[in-house]
Structures are given as structure tokens and as C-alpha cells.
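The values are calculated or read from the model by the stated rules, or taken from the named source; none is laboratory data. Predicted, not measured: the structure shown is a model, and the values here were computed from it. Counting neighbours? That spans all protein chains shown, and the Cβs are built from the backbone with ideal geometry, glycine included. Side chains included, ligands, DNA and RNA excluded: accessible areas come from the protein's heavy atoms. Shrake-Rupley method; radii C 1.70, N 1.55, O 1.52, S 1.80 Å.
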Amino acid sequence: MTHVANAPAVAATETASFGKEASTQALLEIRELTKRFSLSGDFLEQLRFKGGRLVRHQEHVHAINGVSLDIQRGEALCVVGESGCGKSTVARIVMGLLTPSSGEIRYDGKRIDHLTPRQLLPYRKRMQMIFQNPYASLNPRMTIQQTLEEPLRLHHPNWEREQVRDKVTEVMTSVGIDPDWGKRFGHEFSGGQRQRIAIARALAVDPEFIVADEPISALDVSIQAQVLNLLMDAQQQHHLTYLFITHDLAVVEHFGTRVAVMYLGTVCEVAPTATLFASPRHPYTQALMSAIPRLEDDRPQHIRLSGEVPTPVNLPSGCVFHARCPYANERCRREVPALIAQGDGTRVACHGVEEGRL
Amino acid sequence: MTTQVSTTTRWARFRDSYLLYSFKRTWSAQLCLAIFLCLVLAAFMAPWLAPTNPYDLRQIDILDSELPPFWIEGAVEHYTLGTDAQGRDLLSIILYGTRVSLVIGFGAVILQAILGVTFGLLAGYLGGRVDAILMRLADIQLSFSTLMVAIVVGAVVKATLGSSFYSQYAVLMLILIIGLAEWPQYARTVRASVLAEKSKEYVDAARVMGLGSRRIMFRHVLPNTLSPVFVISTVQIANAIISEAALSFLGLGMPETHPSLGSLIKSGFDYIQSGSWWITLIPGAVLVVLVLVINLLGDWLRDVMNPRLYKG
Amino acid sequence: MSLLEVSDLDVRFALRQGEVRALRNVSFSLDRGERLGIVGESGAGKSVAAFSLLNLIASPGFIAGGSIRFDGQELTGLSDRALRKVRGNRISMIFQDPMMTLNPVLSIGEQMIECLKAHRRISHREARAIALHKLQQVQIPSPETRLDQYPHELSGGMRQRIIIAIALLLDPDIIIADEPTTALDVTIQAEIMALLLELCEKHNVGLILITHDLGVVSQVTQRMLVMYAGRVIEQGPTREIINDPQHPYTQGLMNALPQMATPGERLNQIPGSMPSLSNLPSGCAFHPRCGFVNDANGQPRRACLEQVPDFVDSGNCRVACHMVAEMLEEEQRLAKEETS
Ligand SMILES: Nc1ncnc2c1ncn2[C@@H]1O[C@H](COP(=O)(O)OP(=O)(O)OP(=O)(O)O)[C@@H](O)[C@H]1O
Ligand SMILES: Nc1ncnc2c1ncn2[C@@H]1O[C@H](COP(=O)(O)OP(=O)(O)OP(=O)(O)O)[C@@H](O)[C@H]1O
Ligand code: SF4
Ligand SMILES: [Mg+2]
Ligand SMILES: [Mg+2]
């Protein structure tokens, strides 16, 4: 496949461009991350008869194909992109819920992929995660008190009962849940309240880095604002760093320090939020921006993309976006574009931008 | 939210539960539970309820054999349901037999559940090779019938330890045989619901927290997979009782001296020709009623707990 | 007279905890070719409203009162058979999940032809031709081959296009679309909405669009309803409501949007959450969350706490709020004083 052949070239430009920024150490560094999921079941199920011979047939979902990102201390890096582009997979690899097929994750300068659960334990206290579905992220058989005490007991085994209880009361108050409700079960709360409890659980161990995978998409507009405010307050109070995944661009514009736009397992553009919204460079980012339904009364002049969304099972050659891109040319179909730094702090992976034809 | 603060105790939760609500409205469930409880109580109170002790050879008179129950000509007054071929009071022996059947049924199901839940949990949660091995094991186990396990275990034990040992520990042997033969039912059910639970985000949250696999498995996943276990347990108890009866009927189960319902049916079977039908049919009816009420209770429970039919 | 006229619709669910009133006094109308948006929080009753229009409410739900007049015909209390003539034929429905409409074991063509033949007496050939034509209308690439494909072979966006084609199949007068694009990506969503809009305009089909995305409502519809806890609390021309919402809830909803705040600042949240229908506050259901519940003296308005607000006309909009009513009265009084 072309894109595999091109991988070293990509890596070279990557390291070159990262070299310039190395002076300030990022809190989290993701380097050339790839992740494949096997679609073919176990060994016996992979055997097929082909042309009279028994061959082993394997099919993969290429969920992540060479993602490199840096997250600086104190920022909120938003990741946007359409469904299935690999946002959650990146988040889950960062949190150690999945192991990468290749690539590195460094936290505070130290590699954390491929660590054993025991070795990861000190990092669990420093990095936490908030999930999308507030209805599934609380154990239905545990009370709120039990849910919130569990991480404290684990990470502070020598704390007194009182100390644990005080801490639980403190985090519950800080997320706006009445501490008297501790004896209740998750299902007795509304979606927004459950998401607050999930946030409280993440905050209980005083983390410095939080991965939030679409934490507000399952909530109503009026509740979204509450939870978003809560996340922003927490950021201020605890000096948190966020990796924030969403598909709501309005939220990104409001919340994000920088934005990474993903398409089919690759990053196509990374930019400071204001820059990205003022002048999107990558053709996909432009299409995405024009598709936001606006409140203003002018009829949308959105960029219509032609072509089918390719699947991550049969990854297209060259630029993953070329089948839908209005500016694609021969080179786009052949060669994987590298993320190249532009003057304004933006990095774009697009031959068109590189060649200056758009 | 406008919910007021209330302390929900376990009892209060049960009192408000759909289970109790549905039970109050389903008269068939109430009737079945009542019959089932009566049978269980009667069986376990047998030493006090039964007019005679059928295990006590001194109380048996062979001359009293094959006496009919009270509504038939020729009945003797204090043998309400008549006697069997050895002259034992049928009512007493049925009470004691029901007790044996129930003990074996429950014991076997507890063994099945322990094996099946553990294996299912491990297979579902750990996945990969553990899953493949355990589930192949379950497949192999299922492809042997209970009968085959019984014959093999029975033969091995009788050959090595002698048949008097086998009949002495027949209850334990039957629990072991039926328990070993039918755990895959549990393992499969538990594995399926573990797989469903495992993909839920609270399990990920527990992993992100840094909890170990054992704690996640037993503290987080297991309690959420127990309702289907509960439901199939009823069916499994009924099945175990029937299996035991079948094995006893074939002479692989309880000895005549310590009969279960199955061995009673068997022992009476030879006398049907001679007109003493009650020796077989009365224990048979008790068995049918017992199994039927358990199954009906199981059906009701399944309907109540089926989340697709019922949404909170 | 309007094509569809709903008045005082009252829908209830008989649950074991007691009766839950999912819709109360819902009234609205739809002209031929008009596009109406229904917005509101989850559980506000949007879907129940849509389903009850076609009497698709399943037990324990039932229509307890009110009337639904479609083209002069009363739909409530109609037999199932008579309703089926309306359903799918003159009013069709698009669900959020395409798989609710599509049968996974039948090919797209079979489903469309079956639907056509159920309502019209036409031959297989004709039906197939119509189906093909509709697929062309929804701009599906290579429509011929799609007819023989199965739903699972298509992408989400394409499935939703097929659903639209099926909804248009019998040239209905009204399409009810219940969150037709929430499961889709932003770029695909924009394409589908644009398509739906274009088709409705071209064929003069009315549209009832249920969504919680104010941006979509703003771009597609001409009039909108805002629902809260089973009631309509504001209705009127979309532009006017978006630009100048009157009801405190609508205002709160608009202000809570991230677009309305400076980036990095806190959002203007509405406190609390929507009450459950079985436990509604007295008076105006919104009063515990309302920022305008206090009157000029800083005291909570008695009416807000005790009395369900009636609709008042404010310009082209109708609003159910005591505060708005008070303000209007005040204005009228001032105007009268000026003239006298
Ligand atoms: N466990 C898995 N097994 C196989 N494929 C998977 C698995 N998890 C994810 N994938 C595939 O990887 C790709 C990326 O999935 P991912 O969940 O990261 O997408 P996403 O960007 O988070 O999408 P969404 O916005 O829908 O959450 C998808 O094509 C998905 O089908
Ligand atoms: N089958 C049902 N049984 C009981 N109550 C129901 C049922 N369906 C709906 N309801 C009640 O009706 C109310 C309105 O539900 P509806 O589905 O119309 O909300 P909605 O506005 O469409 O929300 P969403 O945005 O989540 O789709 C809910 O609060 C719920 O309590
Ligand atoms: S690289 Fe080519 S195909 Fe890809 S986005 Fe840029 S112009 Fe389009
Ligand atoms: Mg995701
Ligand atoms: Mg709905």
C-alpha cells in the first residue's frame, strides 16, 4: 500500500517539525500512533480456502494511522472529526484501555504505553477520564458514595474513614451534587447529574490531566451549558489539562485552546482555535466549518462533498480525504501528505496547501 | 431535579420493586410459590410430619405391603396413602423422598452455579485464550449427556471404592454428577451477560481508576450479571430434580433403602401390572407438581426480569 | 383553514405509579407546504406529539382528549384501517434510527415496491419505475444498483436518503421527521437537511421537524414550537423567536448556546433540569428555574407559582408566560394613557 511505503518520509518531517517545539516539554506526547483492530476472529476463523490452498486471511480496521499530537500543560486540546474517525480510540489508548499497534505515548516525558497495570497505577492518579454515556458510566449496583469512595480507597490506602468521607463530600459539593444524596443509586439521577457524579469521580483523585470523550453529547442543551461550565471551573481551580473530544464545533470554539481535526484515523489539521475558525486551511476542515447550522438567517452556503465516505477497512491510498476532496489531484491519490507547520502555528496535512494551490 | 432526599434501604428498594409489584398481581405466581413452599416445608419437616420413619427397618412390616390408599376398598386406616412393596408407609416415604430430591436438586444447582458462574466470568472478562479454552470445555461437557457422566462416574467410583461406598454417599455422588454435567448452561449465560456488561463505560471507568481485574470482575461485573443467573436457576433446579429422578429410575441414583422420588417411581413400576398403581403414580404426581410449579415460577421470573419487556 | 390542525391535544401514559400526562393542551396548525420545527429538551414530549398525530402511541399511552384535524377529517378515534389510509400515504414519517423503518432482510427495492403496492393499484414495473425515480430525487449515486442492495450494505447517510425517498414515495402532504439527522455527522447532516429542504420546497410538502438543534430549526423551518414538560410554551415564526425569544425558557435556551458567550468565559446556564412529568411543579412548570419569576418588587409572582399561564399574543408569537403577559398589559396601559 502506498501509505505504508511513505511512512518513513512522513516520520522524518514529523520529527523535524517537532524538533522546533521541543523547548517546552508537552504534558502528553503522542507519536506516530497506529491502531488496528482485527476483524477476522480467532485463528481457526481466519483460515480460508483460496485457489485450492488453505490460506490465512486477515482483515483489519485501520482505526488510527500515524497520529502525532502534543498536549501542553494547562491547555484544552479539542479533537473533532466525524464518527468512526478514531477519536475515542486515541483517547482509550492514551488512558491505557487499549494497547497501540505501534507508536509511543509519553506522559511528562516518560513512555506509558505497554506499561503493566501495576506500573501504570501512579499515572492513574494523575490522569483521569470522563465518558460519553452518563447512563452507562456509573455502576448500577453501587451507591454514589461507594462509587466516589472507591478511587480514594485505592489511591490513598492509608487514609482514615473520616478523611475519605470528607473528600467525597468536598468533591460532591464542588460539582454541585448534594452530599446527602450519597446513599442513592445512579439510576435515581438525571443525565446531567450523573455526568456531574462521573466528573466528581474523576476529580476525586486530584488529577492534572483529564481525557473527556464527548462528555456532553448525550445531554440537553441547557444541561450541556451547566456541565461545560463545571468543566471550565474545574480547569481553573485544579489547573487541569484537557484532551476534549467532541463533534460539536460550537463547543470547540468556546472551550478549546487548540483544535485537532481528524479524518479516517489521521490528523489533517492542528491549529489554535481562533486561527482555525478564522481561516480553516484543510479542505475537510473547510467543509466541516461550512456545515455547522448557524442561527443567522442566511441560507447555508455549505461546501458539498461528493463521493462516499471510505471505510477504515480498505484505507484509500495517498491522502485519506482524496475521494471527497474537490481539490484532489494525481499526487493526492498517490502520496500521503505530511503534517506541515504553517507560519501561523497551524499544521496542515494537505498537498494543496503545501503547493500553495489553495 | 425535584427529588427529595430519602434513605433507600434494601428493604425499601425491594418493597418498591417491580418484582414485588408483579408478584402481587400474578395469582399464578402466588399459587405456585405457595405450593412450592408447602412442598419444601413438608419435605424438610418430614421427621416430624411423617407418621412413620421409613428408614427405620423396625417400623416396617412386610405383611403390610401393597396396601391401597384410603379411598380404595381394603385400605388400612393409618396408612393414608397406602404402602409400597416393602410395606413402608407411602406418605412418609414420599415426604422423605421429596426431601432427598430437593436436597439433590438444590445441591447440584449450587455446584453448577459455582462452577458455571466462575468459568463464565473468567471466560467473558478475560477473553482471548482463556475464553476459547473454557468455552471449548463447556462444549465438550455439553456433548456428553448427564447420563453418560453418571455412568462414567458411577462406574469409576464403584470400581475403585466399591458399590457400598457409592450407595452410602449416593446423595453427594448425584450432586457431583448433575453439578458437573450441567454447569455449561450457567457458564454460557454468565459469559454472554459479562460480555454485554464489560463493554459498558463503568467498567472502563473502573479500569481507568486503576482497579485490578479481580476486583472489577467480582465487585463491578458480577453483581450486574446475576439476574439472568437467578432466572435460569429455577429452570436448572427443575432440570436437576428431573435428572436425578431419571438416573434413579435407571438404577443409577438413590438406593431403594434411601429412595428419592425417582427411585420410588421405579420401585413401584414393577407393581403396576399387579394393580398397585399408587406406588408409582402418587410419587410421580408429586414430582410433576414440584417440577411444574418451579418451572412456572421460573417463567414468571423471566418475564419480570426481561429488560426488553419491562422498562423502569 | 389549515391542512393540519391540532387543538388541545392531551396524551397520557397509564403507568403503575399512576397516570403521567405527557402532553397537555398542545395546539398548533400547519398549512400546506409549511415547515414547522418542534424543539425542546429530552422528555419534553416532542416524539409523543409526533407519534400521536398518526395515532402511533403504543399502550400504555393513549390520547385522552383534544382533536387532530387533517384536511377536514378528524383523526382521533379513527379506526386503524381508516388511519392506515392517511398514514404513510398522506402523512409519512422519518425516524431518527433508519433501521426502524428499513427491514434488514428485504432489499431497498422490495421495500419500496411493497409500500407502493400496498397503497396503490399499480403493476410491479410501474412501482419499480416510481421507486427508481424517487431514489434519483434524493440524489443517491447509481440508484439502479441501490434498489437491489440491502440496508446494511449502505452507509448511514445513504440509509437516511433512502428513508427520505421512502417518505416521499406516495407524494404525501406532510412529512414528520423525528430527529432525522442526530445520528449522522455534521457534514452528512448538512447535506441531508439541505436535501430535505429542497424536496419539500419543490413538491410543496409540509414538514414537521423535531430536533433539539436550534441551528437546524433556524435554517429549515418557517415556524417553530418550543415545548417544555409536555406543553407548548412559545410558538411563532422561527426568525422572530430566534432573534427575539420572549419566553424565559426560550431565552435561556438560546443564551446557553456556546455561540452566545465569549470564548473562554462561562456559559449562561439555566439552573436545574426539567422536572419529571409525574412530579410537575405547581403553576408555571418552569418557575423553579426561571430567572424572571420575581416581579418588580423582588417578590415571586403569585401567578407563576399557582396558575398555569395562558397563551398571550405578542406580535406574531404566542407565549405562555405570566411575565410576558404582565409586560404586554403594561405596554397597553401606557399606550392607552398616551392616547388619552
Ligand atoms: N473494539 C473494536 N473492534 C473493532 N473495531 C473497532 C473497535 N473499536 C473501534 N473500532 C473501529 O475503529 C474506528 C474508530 O472508532 P472510534 O470509536 O475511535 O471512532 P470515534 O471517532 O470515537 O467515533 P464516534 O464519534 O462515533 O465516537 C471505527 O471504524 C470503529 O469501527
Ligand atoms: N412508552 C412510554 N411509557 C411511559 N412514558 C412514556 C413513554 N413514552 C414516552 N413517555 C413519557 O413521555 C415523555 C415525553 O417523551 P418523548 O419521547 O416525547 O420526549 P422527547 O421530547 O421526544 O425527548 P427526546 O429528545 O429524548 O426524544 C417522557 O418524559 C416520558 O416520561
Ligand atoms: S491533500 Fe489533496 S485530497 Fe487531501 S485534502 Fe488536500 S487537496 Fe484534498
Ligand atoms: Mg467515540
Ligand atoms: Mg424523541
(request) Just one of (1) crowded, with 17+ Cβ neighbours inside 10 Å; (2) within 16 Å of ligand 5 (Cβ to nearest atom) trips up C:ILE63, so point out which. (result) (2)
(request) Inspect all residues belonging to region A:259-272 and state whether any of them is under 21 Å from the mean Cα position of the chain (by Cα), facing chain C (nearest Cβ under 10 Å) and either over 30 Å from A:SER190 (Cα atoms) or free of Cβ contacts under 8 Å to residues at least 12 places away in the same chain (or both). (result) no
(request) Kindly establish whether B:VAL235 is within 18 Å of B:GLY120 (Cβ to Cβ), modelled with pLDDT under 90, assigned to a helix (DSSP H, G or I) and open to solvent by 40 Å² or more (accessible area, probe 1.4 Å). (result) yes
(request) Enumerate the pairs (first residue in region B:123-138 and under 17 Å from B:THR225 (Cβ atoms); second residue anywhere and open to solvent by 80 Å² or more (accessible area, probe 1.4 Å)) with beta-carbon separation below 7 Å, excluding pairs fewer than 6 apart on the same chain, so at least 6 apart or on different chains. (result) B:ALA138/B:ARG188
(message) Would you confirm, using the coordinates I've provided, whether C:GLU265 is more than 8 Å from chain A (Cβ to nearest Cβ) and free of Cβ contacts under 8 Å to residues at least 24 places away in the same chain?
(response) yes
(request) Determine which member of the set C:GLN139, C:GLN73 is more than 16 Å from ligand 3 (Cβ to nearest atom) and either within 14 Å of chain A (Cβ to nearest Cβ) or at positive phi (or both). (result) C:GLN139
(message) Show me the helices (runs of 4 or more DSSP H) found entirely inside region B:11-100 where at least 3 residues are surrounded by 14 or more Cβ atoms within 10 Å (Cβ to Cβ).
(response) B:18-25, B:27-44
(message) Against the conditions (1) away from chain C (no Cβ under 14 Å); (2) more than 16 Å from ligand 4 (Cβ to nearest atom), where does A:VAL175 fall short? Just the number, please.
(response) (1)
(message) Taking the criterion of being touching a Gly at 6+ places or on another chain (Cβ under 7 Å), surrounded by 15 or more Cβ atoms within 10 Å (Cβ to Cβ) and basic (Lys, Arg), would at least one residue in region A:347-357 satisfy it?
(response) no
(message) Residues to consider are A:ARG124, A:ARG153, A:ARG141, A:ARG165; find the one that is in a helix (DSSP H, G or I) and facing chain B (nearest Cβ under 9 Å).
(response) A:ARG124
(request) State whether the residues of region C:18-26 include one that is buried (at least 20 other Cβ atoms within 10 Å of the Cβ), of a type in the set (A, V, I, L, M) and more than 13 Å from ligand 2 (Cβ to nearest atom). (result) no
(request) For residues that are away from chain A (no Cβ under 12 Å) and open to solvent by 10 Å² or more (accessible area, probe 1.4 Å), scanning just region C:233-243, find the one that is farthest from A:ILE292 (Cα to Cα). (result) C:ILE233
(request) Sort through A:GLN132, A:GLN146 and tell me the only one that's of a type in the set (S, T, N, Q), away from ligand 1 (no atom under 14 Å from the Cβ) and facing chain B (nearest Cβ under 10 Å). (result) A:GLN146
(message) Can you tell me which of (1) within 16 Å of ligand 4 (Cβ to nearest atom); (2) open to solvent by 30 Å² or more (accessible area, probe 1.4 Å) is the one A:ILE64 doesn't meet?
(response) (2)
(request) Pairs only if they're at least six apart or on different chains, beta carbon under 7 angstrom, first in region A:87-105 and within 14 Å of another protein chain (Cβ to nearest Cβ), second polar (S, T, N, Q) and in a helix (DSSP H, G or I); list them, first residue then second. (result) A:LEU98/A:THR89
(request) Find the residue count for region A:58-93, including only residues that are more than 16 Å from ligand 3 (Cβ to nearest atom) and not in a strand (DSSP E or B). (result) 16
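Of the residues B:LYS200, B:LYS158, which is at pLDDT below 85 and either open to solvent by 70 Å² or more (accessible area, probe 1.4 Å) or farther than 21 Å from B:VAL229 by Cβ (or both)?
Being at pLDDT below 85 and either open to solvent by 70 Å² or more (accessible area, probe 1.4 Å) or farther than 21 Å from B:VAL229 by Cβ (or both) holds for just one of B:LYS200, B:LYS158, which is B:LYS158.
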(message) For region B:291-308, check the following and say yes or no: at least one residue is at pLDDT 85 or above, over 24 Å from B:ALA150 (Cα atoms) and among the acidic types (Asp, Glu).
(response) yes
(request) Keeping to region C:201-221, report how many residues are under 19 Å from C:ILE94 (Cα atoms), within 14 Å of another protein chain (Cβ to nearest Cβ) and of a type outside the set (A, V, I, L, M). (result) 6
(message) Is it the case, given these coordinates, that C:ILE94 is in contact (Cβ under 8 Å) with a residue 60 or more places away in the chain, at negative phi and buried (at least 19 other Cβ atoms within 10 Å of the Cβ)?
(response) yes
(request) For B:SER17, work out the one condition from (1) touching a Phe, Trp or Tyr at 6+ places or on another chain (Cβ under 9 Å); (2) of a type in the set (Ser, Thr, Tyr); (3) modelled with pLDDT of 70 or more it doesn't fulfil. (result) (1)
(request) Quick one: count up the residues across region C:269-314 that are over 18 Å from C:ILE233 (Cα atoms), more than 14 Å from chain A (Cβ to nearest Cβ) and assigned to a helix (DSSP H, G or I). (result) 1
(message) Filter region B:188-207 down to the residues that are within 8 Å of another protein chain (Cβ to nearest Cβ) and either over 13 Å from A:PRO151 (Cβ atoms) or out of contact with any Phe, Trp or Tyr (no Cβ under 9 Å at 6 or more places or on another chain) (or both) and list them by number.
(response) B:LYS200, B:GLU201, B:ASP204, B:ALA206, B:ARG207
(request) Search region A:324-334 for residues being open to solvent by 20 Å² or more (accessible area, probe 1.4 Å) and part of a helix (DSSP H, G or I), and hand back the single one that is nearest to ligand 1 (Cβ to nearest atom). (result) A:ARG333
(request) With the condition kept exactly as written, say whether any residue in region C:30-37 is within 14 Å of chain A (Cβ to nearest Cβ), touching a residue at least 60 places away in the same chain (Cβ under 8 Å), within 16 Å of ligand 5 (Cβ to nearest atom) and buried (at least 16 other Cβ atoms within 10 Å of the Cβ). (result) yes
(request) Filter region C:221-231 for residues that are open to solvent by less than 10 Å² (accessible area, probe 1.4 Å) and outside any loop (DSSP other than H, G, I, E, B) and give the result. (result) C:MET224, C:LEU225, C:VAL226, C:MET227, C:TYR228
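This table checks each residue for (1) crowded, with 23+ Cβ neighbours inside 10 Å; (2) over 20 Å from A:TYR135 (Cβ atoms); (3) within 9 Å of chain C (Cβ to nearest Cβ).
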{"position": "A:PHE209", "(1), (2), (3)": "no, yes, no"}
{"position": "A:GLN224", "(1), (2), (3)": "yes, no, yes"}
{"position": "A:GLN237", "(1), (2), (3)": "no, yes, no"}
{"position": "A:PHE255", "(1), (2), (3)": "yes, yes, yes"}
{"position": "A:ALA274", "(1), (2), (3)": "no, yes, yes"}
{"position": "A:GLN286", "(1), (2), (3)": "no, yes, no"}
{"position": "A:ARG294", "(1), (2), (3)": "no, yes, yes"}
(message) Of the conditions (1) surrounded by fewer than 21 Cβ atoms within 10 Å (Cβ to Cβ); (2) closer than 21 Å to C:LEU83 by Cβ, C:GLU126 satisfies every one except a single condition; which number is it?
(response) (2)
